[in-house]
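J.: Take this structure first; my questions come after.
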Amino acid sequence: MSYEKITDGIRISVRPDFSVLHSNPRQNKFVFTYSVEMENQSDESVQLLFRHWLIHDSDGEDSEVDGEGVVGEQPTLDPGYSHQYQSFCVLSSPAGFMEGYYTFVDSEGREFKVAVPRFDLTAPWGGNGVSFSGALN
């Protein structure tokens, strides 16, 4: 399943997946990967500066992550261009969700927030049939 949201001409699309290969349910370790595509549908160049994530675990644990760029990069997106990256998070239960925003800057130095749609993280036995991204241990 893919999740999508457009803010100020920037389209964010997220596709989460469950990693059987890296998870260990007996130790309450559930690893989820996610692919993000950010596409500039506006008429001006923008640069990604920061990310902010809220990660919710169904066992009640919430965490926030703030940092510069994504996976060590602060890409500039010209009109019509996109940037893709993959990352992961580890939950202690088979279900949760992530949501957040990216902070971009435009060519005039104006900073603005671009929403990341809330996306569900659910292990296959958690009820929504997320596809596997690895071999069963």
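Every number here is computed from the coordinates shown, using simple stated rules; none is lab data. All figures in this text were calculated on a predicted structure; none of them were measured in a lab. As a convention, Cβ positions derive from the backbone with ideal geometry for all residues, glycine included, and neighbour counts pool all protein chains shown.
J.: Against the conditions (1) loosely packed, with under 14 Cβ neighbours inside 10 Å; (2) part of a strand (DSSP E or B); (3) of a type in the set (Lys, Arg), where does Arg51 fall short? Just the number, please.
T.: (1)
J.: Could you check how many residues of segment 43-63 are over 14 Å from Val116 (Cα atoms) and out of contact with any Asp or Glu (no Cβ under 6 Å at 6 or more places or on another chain)? Show your work before the answer.
T.: Start the filter on segment 43-63 by keeping residues that are over 14 Å from Val116 (Cα atoms), which leaves 43-47, 49, 56-63.
Those still in the list that are out of contact with any Asp or Glu (no Cβ under 6 Å at 6 or more places or on another chain) too: 43, 47, 49, 57-63.
Residues in segment 43-63 being over 14 Å from Val116 (Cα atoms) and out of contact with any Asp or Glu (no Cβ under 6 Å at 6 or more places or on another chain): 10 in total.
J.: Among residues belonging to segment 67-112 that are acidic (Asp, Glu) and touching a His at 6+ places or on another chain (Cβ under 9 Å), point out the one that is surrounded by the most Cβ atoms within 10 Å (Cβ to Cβ).
T.: Checking each candidate, the answer is Glu99.
J.: Looking at Glu64, Glu39, can you tell me which residue is surrounded by fewer than 16 Cβ atoms within 10 Å (Cβ to Cβ), part of a strand (DSSP E or B) and of a type outside the set (A, V, I, L, M, F, W, C)?
T.: Step by step, each of Glu64, Glu39 is checked, and only Glu64 is surrounded by fewer than 16 Cβ atoms within 10 Å (Cβ to Cβ), part of a strand (DSSP E or B) and of a type outside the set (A, V, I, L, M, F, W, C).
Matching residues to (1) in contact with a Gly (Cβ under 7 Å, 6 or more places away or on another chain); (2) among the polar types (S, T, N, Q); (3) in a strand (DSSP E or B); (4) in contact (Cβ under 8 Å) with a residue 24 or more places away in the chain:
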residue	(1), (2), (3), (4)
Ser13	no, yes, yes, yes
Asp17	no, no, yes, yes
Leu21	yes, no, no, yes
Arg26	no, no, no, no
Ser35	no, yes, yes, yes
